[in-house]
Amino acid sequence: MEFKKCPRCGNFFHSDLEVCQNCKTNEILDMQKFRSYIETNGIRACENVQQMSVDTGINSKNLNRYLLNDEFSEMVNNKL
Ligand SMILES: [Zn+2]
């Protein structure tokens with residue numbers, strides 16, 4: 001384990017998680033919204049991050065981070 005900077009709030013934390021404890025709940029909720037949005041609208045919806053942000057209420061910084069996520073790559077590969 002190493003110190004990491006939380007991508008949501010900028011706090012430093014010590015954990016194997018992607019985000020700090022304070023942001024964990026919001027992170028899980030946003031990931032669920034992100035996932036169901038893609039399931040509803042298809043992978044192509046990811047080409048327009050701004051629209052996704054408006055529709056889901058997830059800020060575009062977090063959306064861009066999810067789009068680079070390994071879990072997301074797996075989702076894309078499974079759909080193809
Ligand atoms: Zn945080």
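The values are calculated or read from the model by the stated rules, or taken from the named source; none is laboratory data. Only a predicted model underlies this, so the values are computations on that prediction, with no experimental measurement involved. Cβ placement follows ideal geometry from the backbone for every residue including glycine, while neighbour counts extend to all protein chains displayed. Please note that ligands, DNA and RNA were not included when accessible areas were found on the heavy atoms of the full protein model with its side chains. Shrake-Rupley method; radii C 1.70, N 1.55, O 1.52, S 1.80 Å.
Is at least one residue of the range 32-42 at pLDDT 95 or above, within 16 Å of the ligand (Cβ to nearest atom) and either touching a Gly at 6+ places or on another chain (Cβ under 9 Å) or open to solvent by 100 Å² or more (accessible area, probe 1.4 Å) (or both)? Checked against the condition, which is being at pLDDT 95 or above, within 16 Å of the ligand (Cβ to nearest atom) and either touching a Gly at 6+ places or on another chain (Cβ under 9 Å) or open to solvent by 100 Å² or more (accessible area, probe 1.4 Å) (or both), the range 32-42 yields no hits at all.
Taking residues in the range 21-36 that are over 12 Å from residue 69 (Cβ atoms), and partners anywhere that are among the aromatic types (Phe, Trp, Tyr), the pairs with Cβ atoms closer than 8 Å and at least 6 places apart or on different chains are 21/13.
Here's the yes/no breakdown for (1) modelled with pLDDT of 95 or more; (2) open to solvent by 30 Å² or more (accessible area, probe 1.4 Å); (3) in contact with a Cys (Cβ under 6 Å, 6 or more places away or on another chain):
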| site | (1), (2), (3) |
| --- | --- |
| 3 | no, yes, no |
| 6 | yes, no, yes |
| 18 | no, yes, no |
| 24 | yes, yes, no |
| 27 | yes, no, no |
| 30 | yes, no, no |
| 45 | no, no, no |
| 50 | yes, yes, no |
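Among residues belonging to the range 1-31 that are aliphatic (A, V, I, L, M) and more than 16 Å from residue 75 (Cα to Cα), point out the one that is nearest to the ligand (Cβ to nearest atom). Spell out the reasoning first.
Step one: filter the range 1-31 for residues aliphatic (A, V, I, L, M), giving 1, 17, 19, 28-29, 31.
Among the residues that remain, those that are also more than 16 Å from residue 75 (Cα to Cα) are: 1, 17, 19, 28-29.
Details: 1: 16, 17: 10, 19: 5, 28: 13, 29: 14 Å.
This residue is 19.
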